[in-house]
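Q: A single structure is presented below for examination.
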Amino acid sequence: MSTNPIIPYTFVPGTKAKAQEINANFSSIADSIQSNSDFVNQKVAEINSDIAAQIGDVEESLETKADKNLSNVTKLASSSAKGLTWFGTGTGNVSSTRPAVVVATYLSGTTWYRLYSDKWIEQGGIITFSNSNDAAYTLTFPKAFKNTSYYFDYAANTGATGTYTFYAKAELGASTSVSAASINIWRRGAFNNLRWYAAGYVN
């Protein structure tokens, strides 16, 4: 016999081994392996159960804290923004805990805009001219404003020094046509290009 409970029989060199003793050793080893396997499987199942319970607790906590009120979420009316949803329906929904965020950006050539969730928009670009005659120029905005209460300014490059001079909207001279979708600016013959900027609210 053996003092090892897993291997009950020990064989001495030069002596005959009995079949039942060999079989008993194999059976004991197999039983021990199965017992260890069952123990490991049980512990794995317990760990998986604990992890699943912890994940469930986290999901329940997040679901409880989530803002489920979707009554203030609306779609933009503009077809160009189809599928875009507002974070809120207006400036009243923007606060320190729910700040305005960028919901759309646009860049084509030198024309660009950034649209925010409270319907505030910033847009601008560069207009290049190919002639030297004084003339009015109608600038059509990529996105029309809600009304004419927007800010507009531009810088003109005379080409002589390469510097830019700012002209406020009130100083545009004879060209004063202003609408939500466009504005007339006076382009003097010496200007090579205009860099413009506008900001305000859209519908």
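The values are calculated or read from the model by the stated rules, or taken from the named source; none is laboratory data. Here the structure is a predicted model, which means the values were calculated and not measured. With ideal geometry, Cβ positions are generated from the backbone for all residues, glycine too; neighbour counts draw on all protein chains shown.
Q: Can you report the number of residues in the range 160-189 which are modelled with pLDDT under 75, over 14 Å from ILE127 (Cα atoms) and in a loop (DSSP other than H, G, I, E, B)?
A: The total comes to 9.
Q: Scan ASN25, ASN72 and give me the residue that is within 30 Å of PHE145 (Cβ to Cβ), outside the structural domain of LYS146 (by TED's automatic domain parsing) and at pLDDT below 85. Outline the logic, then answer.
A: Values: ASN25 fails: within 30 Å of PHE145 (Cβ to Cβ).
Within the list ASN25, ASN72, the selection yields ASN72.
Q: Which ones in the range 107-147 are touching a Gly at 6+ places or on another chain (Cβ under 6 Å) and closer than 12 Å to ALA199 by Cβ?
A: Hit for the range 107-147 is PHE145, nothing else.
Q: Right, here's the next one. Within the range 112-132, can one find any residue that is over 30 Å from the mean Cα position of the chain (by Cα), at pLDDT 75 or above, of a type outside the set (Val, Ile, Thr) and in a strand (DSSP E or B)?
A: no
Q: Can you tell me which residue among ALA53, ALA100, ALA45 is modelled with pLDDT of 50 or more, touching a Ser or Thr at 6+ places or on another chain (Cβ under 9 Å), of a type outside the set (Lys, Arg) and outside any strand (DSSP E or B)?
A: Of the residues listed, the single one that is modelled with pLDDT of 50 or more, touching a Ser or Thr at 6+ places or on another chain (Cβ under 9 Å), of a type outside the set (Lys, Arg) and outside any strand (DSSP E or B) is ALA100.
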